[in-house]
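First comes the structure, then the notes that go with it.
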Amino acid sequence: MVSLQSLLELQKIDTELLQLAHRVVNLEERAVLTKAKAALATSQKESAIASDQLASTKTEIDALEAANKKCESLMTKYSQQLKTVIAPREAEALQHEIETVRAERSANDDKELLLLETTESLQSKIMRVAEQIAAQIVKVDSATASLNDAINDCDAQKNVLDGRRAAVAGMIDAKMLKLYDIKRNKRATPAVADLHGSKCQSCHLDLSVVELSALKKLGADEMAECPNCDCYLAV
Ligand SMILES: [Zn+2]
């Protein structure tokens, strides 16, 4: 039977490489960064909405102030006219106009006061959110740095494993390597395993006594395979 110890070692390195690749994708630092970025985006959106509201509130205030200027010039005009009219009916009509415009101006003033309150609360909200955003940017930056550190750490581990793999693979016959690759590409479980007692370490099933003795009878150039999962067995 061909010795598959180096192939088993290669498989172990490949398993470590797979686990490492899985770790890189699922790094906790990545989840932390995603969460920090989402929180920042939420605040930025909140700030943008408040700024839009502030702008439209200012537009409304400007419109009210323009309307009040108009009211005042109308009142001035009607007061001037009032001085020149003689007919009591006309005077009464003008008085009525003046009262209507005065009421409008007063209503506008009330609205403007409310809008000024809204403006103040929006401005303080924008300031509060701006502080929040500043803190969140710091968090995103530090989460980015932590993630980069973790990725660099994984890269360093990968370099070590790649080096070990190249060294081990260099000792293995090219044909055997090819067979290993073919088998490995067809399965998710290890392509090479050893036996713990009579248990295959790839499929974790026991080999029967008959199967175990059949392994011992293999020819010098034959590679042992698990009768259950078909992996190579380093025995
Ligand atoms: Zn097996």
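Working carefully through the options K58, K35, find the one that is surrounded by fewer than 16 Cβ atoms within 10 Å (Cβ to Cβ) and within 13 Å of the chain's Cα centre (by Cα).
The conditions single out K35.
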Which one is farthest from the ligand (Cβ to nearest atom), of the residues in region 181-218 that are in contact with a Ser or Thr (Cβ under 6 Å, 6 or more places away or on another chain) and among the small types (G, A, S)?
A193
For I126, indicate whether it is part of a helix (DSSP H, G or I), out of contact with any Phe, Trp or Tyr (no Cβ under 9 Å at 6 or more places or on another chain) and either not assigned by TED's automatic domain parsing to the domain that holds T144 or not aromatic (F, W, Y) (or both).
yes
By residue number, the members of region 38-53 that are of a type in the set (A, V, I, L, M) and exposed (fewer than 15 other Cβ atoms within 10 Å of the Cβ) are A38, A41, A48, I49
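Determine which member of the set Q132, Q136, Q157 is part of a helix (DSSP H, G or I), in contact (Cβ under 8 Å) with a residue 60 or more places away in the chain, farther than 29 Å from R23 by Cα and away from the ligand (no atom under 16 Å from the Cβ). If you could, list the steps in order and put the result at the bottom.
Values: Q136 fails: farther than 29 Å from R23 by Cα; Q157 fails: farther than 29 Å from R23 by Cα.
Exactly one of Q132, Q136, Q157 is part of a helix (DSSP H, G or I), in contact (Cβ under 8 Å) with a residue 60 or more places away in the chain, farther than 29 Å from R23 by Cα and away from the ligand (no atom under 16 Å from the Cβ), namely Q132.
Taking the condition surrounded by fewer than 17 Cβ atoms within 10 Å (Cβ to Cβ), under 30 Å from V25 (Cα atoms) and away from the ligand (no atom under 12 Å from the Cβ), does D221 pass?
Details: surrounded by fewer than 17 Cβ atoms within 10 Å (Cβ to Cβ): yes; under 30 Å from V25 (Cα atoms): no; away from the ligand (no atom under 12 Å from the Cβ): yes.
Spelling it out, it is not the case that D221 is surrounded by fewer than 17 Cβ atoms within 10 Å (Cβ to Cβ), under 30 Å from V25 (Cα atoms) and away from the ligand (no atom under 12 Å from the Cβ).
Okay, residues lined up against (1) surrounded by 13 or more Cβ atoms within 10 Å (Cβ to Cβ); (2) over 30 Å from L147 (Cα atoms):
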residue: E9; (1), (2): yes, yes
residue: L17; (1), (2): yes, no
residue: A21; (1), (2): no, no
residue: I98; (1), (2): yes, yes
residue: E104; (1), (2): yes, yes
residue: N108; (1), (2): yes, yes
If you go through L82, L74, the only one that is of a type outside the set (G, A, S), surrounded by 14 or more Cβ atoms within 10 Å (Cβ to Cβ), at pLDDT below 95 and in a helix (DSSP H, G or I) is L82
State all residues of region 187-218 that are in a loop (DSSP other than H, G, I, E, B), surrounded by 13 or more Cβ atoms within 10 Å (Cβ to Cβ) and free of Cβ contacts under 8 Å to residues at least 24 places away in the same chain; if no residue qualifies, say none.
Q201, L207
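If I filter region 224-235 down to residues being without any contact (Cβ under 8 Å) to a residue 40 or more places away in the chain and not in a strand (DSSP E or B), which single residue comes out as farthest from the ligand (Cβ to nearest atom)?
Quick first cut of region 224-235, residues without any contact (Cβ under 8 Å) to a residue 40 or more places away in the chain only: 225-228.
Then drop every residue that is not not in a strand (DSSP E or B), which leaves 226-228.
On the way: C226: 3, P227: 8, N228: 4 Å.
In this case the residue turns out to be P227.
The values are calculated or read from the model by the stated rules, or taken from the named source; none is laboratory data. Not measured: the values here are computed from a predicted model. Backbone-built Cβ (ideal geometry, glycine too); neighbour counts: all protein chains shown.
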